[in-house]
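So the structure is just underneath, and the comments pick up after that.
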Amino acid sequence: MKKEPFVTLEQLKEIIKTYPTPFYLYDEKGIRENARALKEAFAWNPGYREYFAVKATPNPYLIEILKDYGCGCDCSSMTELMLSDAIEVRGEDIMFSSNDTPAEEFVYADKLGAIINLDDYTHIDFLEQTLGYIPETISCRYNPGGVFRISNDIMDNPGDSKYGMTKEQLFDAYRVLKEKGAKRFGLHAFLASNTVTNEYYPMLAKVLFEVAAELKKETGADIRFINLSGGIGIPYRPDQEVNDIRAIGEGVRKVYEEVLVPAGMGDVAIYTELGRFMMGPYGCLVTKAIHEKHTHKEYIGCDACAVNLMRPAMYGAYHHITVMGKENEPLDHVYDVTGSLCENNDKFAIDRELPKIDKGDLLVIHDTGAHGFAMGYNYNGKLKSAELLLKEDGSVQLIRRAETPKDYFATFNCFDILKDLV
Ligand SMILES: *Cc1c(COP(=O)(O)O)cnc(C)c1O
């Protein structure tokens, strides 16, 4: 897929008059079109619901856009629950899919009326002791173990992952939860991440639907929803094909009719907890080239660093880069594009073929709308950038201001560092 920015150089020149680089920019139009397409792809299932994985892009302004398409929130921590509450996403509009969960987070999730998705068998007792009861609606996370394959490709390795219960534990969990008063059940699994294929969801659905039918038969549990979780990926590289959400929805429908309908479960709702698919392509990191360095390699130094976008440093992840205004120039230079951290892995690109970059050029780092800003940290005392929304009418809204030194020092209560800071 050809990678083109959703913003033009002229628009960026205007934006940087008000907001200095680096910053994140999000595309309202893209977010809306995609959310609409997802909703349509699963419209065959009357109970269908997307719970946006808040951890991917925890910005209330962006999540409010998704609310227009009926999305709820998938939360995994206290502050994500607080964020949901703040935008009036409460009750069963929240899926609490956490792991290694502290007691106070279960208490708060339950207070908000969230659906609790249990990661482990032992969490049944923990939850009961914490709350004093078991909620009537409850979900369990399944991990079938082994490796998850599509054809001959290993997609991921559930047997190595810390999440979820074994099949045996799952059956015991349903029985015990029922005895303890649970009335409505959900089933969840997340078996592969960033899948760039239309086959992942239908294959996962088959695994979950078959187990759900068995669970119903063996335990008599009233299964109300099956949560396919996240994992639909995006084409970070130009040579990858974009997933076809219609084909994915249709693939899940076929399995639903093959497995659930004959099992008398034709009223089960399908839930998803997509993060990357909802936001990834609709955000970019905009940075300026501020240095060039010629040593054993050719380097371009930017004003953003791994604090703003950690995926390349952390996973060696590819993010496409467009040098704005030079889209049609030959890719006749090979650069490492770096940030300023005192860490040699602080590189947005390594040996990347790009047009000649000059100091002052604006670079758009693509597909950073999910697991981008959110993963940032403060190493080297670097501050997190602003987040901006490019609205459908072409105007720009500041949806999170940049951090200031005052924010950075706010957690010290000694020394007079804060004295002169505004
Ligand atoms: C991270 C996560 C998601 C979202 O994953 P994506 O890859 O962004 O779709 C959904 N559910 C759970 C439980 C997660 O941990």
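The values are calculated or read from the model by the stated rules, or taken from the named source; none is laboratory data. On a predicted model such as this, the values are computed, not experimentally measured, just so you know. Every residue, glycine as well, gets a Cβ built from its backbone with ideal geometry; the counts of neighbours run over all protein chains shown. Each accessible area value is taken on the protein alone, full model and side chains, heavy atoms only, with ligands, DNA and RNA left out. Shrake-Rupley method; radii C 1.70, N 1.55, O 1.52, S 1.80 Å.
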How many residues are in contact with a strand residue (DSSP E or B) (Cβ under 7 Å, 6 or more places away or on another chain) and not in a strand (DSSP E or B) when one looks only at the stretch 319-339? 4
Of the residues Ala109, Ala114, which single one is over 19 Å from Gly275 (Cα atoms) and surrounded by 22 or more Cβ atoms within 10 Å (Cβ to Cβ)? Ala109
Mind checking which residues of the stretch 277-313 are surrounded by 24 or more Cβ atoms within 10 Å (Cβ to Cβ) and either among the basic types (Lys, Arg) or more than 26 Å from the chain's Cα centre (by Cα) (or both)? Ile300
Glu10 passes all but one of (1) in the same structural domain as Asp244 (by TED's automatic domain parsing); (2) closer than 22 Å to Lys391 by Cβ; (3) of a type in the set (Asp, Glu); which number fails? (1)
Going through Ala205, Ala212, Ala192 one at a time, which residue ends up being more than 22 Å from the chain's Cα centre (by Cα) and in the same structural domain as Ser98 (by TED's automatic domain parsing)? Ala212
Return the pairs, sorted by first residue and then second, in which the second residue is in a loop (DSSP other than H, G, I, E, B) and within 6 Å of the ligand (Cβ to nearest atom), the first residue lies in the stretch 223-235 and is under 17 Å from Arg253 (Cα atoms), the beta carbons are less than 8 Å apart, and the residues are 6+ apart or on different chains. Asn227/Glu273; Leu228/Glu273; Ser229/Phe190; Ser229/Glu273; Ile232/Leu274
Determine the pairs where a residue that is not assigned by TED's automatic domain parsing to the domain that holds Thr57, located within the stretch 265-285, has a partner that is within 8 Å of the ligand (Cβ to nearest atom) and modelled with pLDDT under 95 with Cβ atoms under 6 Å apart, the partner being 6 or more residues away or on another chain. none
Could you list, in sequence order, the residues of the stretch 71-94 that are more than 23 Å from Gln397 (Cα to Cα), of a type outside the set (A, V, I, L, M, F, W, C) and away from the ligand (no atom under 13 Å from the Cβ)? Thr79, Arg90, Gly91, Glu92, Asp93
Residue hits (the stretch 290-330; of a type in the set (A, V, I, L, M, F, W, C) and within 23 Å of Glu10 (Cβ to Cβ)) are Ile290, Ile300, Cys302, Ala304, Ile321, Val323, Met324
Looking only at helices (runs of 4 or more DSSP H) that lie completely in the stretch 214-318, which have at least 1 residues being closer than 24 Å to Ala349 by Cα and within 16 Å of the ligand (Cβ to nearest atom)? 276-279, 311-315
Per the list (1) in a strand (DSSP E or B); (2) within 16 Å of the ligand (Cβ to nearest atom), residue check on Ser193 breaks on (1)
Does the stretch 365-377 include one or more residues that are of a type in the set (Asp, Glu) and touching a Pro at 6+ places or on another chain (Cβ under 8 Å)? yes
I'm trying to understand the selection: among the residues of the stretch 125-136, which are over 12 Å from Ala103 (Cα atoms) and buried (at least 16 other Cβ atoms within 10 Å of the Cβ)? Ile134, Pro135
Check off (1) part of a loop (DSSP other than H, G, I, E, B); (2) modelled with pLDDT under 95 for Asp407 and give me the number that stays unchecked. (1)
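Give the residues of the stretch 42-61 that are over 13 Å from Ala374 (Cα atoms) and either open to solvent by less than 40 Å² (accessible area, probe 1.4 Å) or among the small types (Gly, Ala, Ser) (or both), sorted by residue number.
Scanning the stretch 42-61 gives Phe42, Ala43, Asn45, Gly47, Tyr48, Glu50, Tyr51, Phe52.
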How many residues does the stretch 83-100 contain that are buried (at least 22 other Cβ atoms within 10 Å of the Cβ), in a loop (DSSP other than H, G, I, E, B) and of a type outside the set (A, V, I, L, M)? 1
